[in-house]
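Structure, as structure tokens:
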Amino acid sequence: MTEPILSFDQISVRFGGVLALDGVSFDIARGDTFGIIGPNGAGKTTLFNCISGFIKPAAGGRIVFNNKDLIGRSVHEVAKLGISRSFQNIALMQDQTGRQNILTGLHLRLAYHPLASILPLRRVSDAEAQAAREIKRICELLKISDSVLDTRVDTLPLGQQKKIEVARAVVRAPELLLLDEPAGGLNDRETGDLIDSLESLRDSSELTIVVIDHDMNLVMELCNQLAVLDFGRLIAMGEAANVQADPAVIAVYLGQPDAA
């Protein structure tokens, strides 16, 4: 069995009287492209927020990444361990270009003092050259053109903004990439373009990718494993085709398209 890169053990989260996650336990294998699906309010984004350090689960639960417990770590500490994510609502600097936004993802990798950037130091120029090459490689995989990179984000279509946010997350060189509704708000053409781009990224990297999305075409195209949440509980998990055919999943989610 492939070694898990991420494990959840009895993760529970309560918001007032609402139990958002209820004893969720499962593993994600290293190298998988893993989908987490379920109706609105099922607890999917809450689970991502627990991984990222935005929410602390109830006592007794554990989230283990590369044999390190994530609970209690800050958002910055989690990122430094090798976890990166995108968000449901685009979190880009709208008055900056695509390239400038992607560059902000490199702050953890360009680990020199800010004053060093104004000095003619070889290590600084080498690091910046390497960063430029990495941005170029990732943008080619995601099919982001130079013209898009050099355009202000607030003038770009939503589909291009989504890909820039993914590029900013990937340029940090994470081991684990969390994508929260990357197809949210996109039309069919934009979603198809995003699927092609994410497939290129998946097929050319050693990333473990975890995707939350309501678009089942994207999920089934990308993901080899699925977990299904409903009212904070894990109700199914396994190979994508088997989960899609599970009667319990059909009843609570796939059979109710208006639940999305």
(Q) Let me spell it out: the conditions are (1) of a type in the set (Asp, Glu); (2) in contact with a Phe, Trp or Tyr (Cβ under 8 Å, 6 or more places away or on another chain); (3) at pLDDT below 90, and ASP203 meets all of them except one. Which number is the exception? (A) (2)
Q | Residue list for region 133-156, filter: exposed (fewer than 13 other Cβ atoms within 10 Å of the Cβ) and outside any helix (DSSP H, G or I) | A | SER145, ASP150
**Q.** Scan of region 206-219 for residues that are farther than 28 Å from VAL13 by Cα and touching a residue at least 40 places away in the same chain (Cβ under 8 Å), ordered by number
**A.** GLU206
Q: Sort out which residues of region 72-129 are in contact with a helix residue (DSSP H, G or I) (Cβ under 8 Å, 6 or more places away or on another chain), modelled with pLDDT of 85 or more, farther than 25 Å from LEU156 by Cβ and assigned to a loop (DSSP other than H, G, I, E, B), and write them in order of number.
A: ARG73
Q. Going through region 247-256 one residue at a time, which ones are part of a helix (DSSP H, G or I) and in contact (Cβ under 8 Å) with a residue 12 or more places away in the chain?
A. ALA248, VAL249, VAL252, TYR253, LEU254
Q. Restricting attention to region 59-80, which residues are surrounded by fewer than 15 Cβ atoms within 10 Å (Cβ to Cβ) and within 22 Å of ILE11 (Cα to Cα)?
A. ALA59, GLY60, ARG62, ASN67, LYS68, ASP69, GLY72, SER74, VAL75, HIS76, GLU77
Q) Pairs, please: C-beta under 6 Å, at least 6 apart or cross-chain, first residue more than 12 Å from ILE138 (Cβ to Cβ) and in region 165-187, second surrounded by fewer than 20 Cβ atoms within 10 Å (Cβ to Cβ) and aromatic (Phe, Trp, Tyr)? A) ASP180/PHE87
Q | Residue list for region 1-52, filter: among the aromatic types (Phe, Trp, Tyr) and either assigned to a strand (DSSP E or B) or touching a Ser or Thr at 6+ places or on another chain (Cβ under 8 Å) (or both) | A | PHE8, PHE15, PHE26, PHE34
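The values are calculated or read from the model by the stated rules, or taken from the named source; none is laboratory data. Model, not experiment: these values are computed from the prediction. Virtual Cβ from ideal backbone geometry, glycine too; neighbours counted across all protein chains shown.
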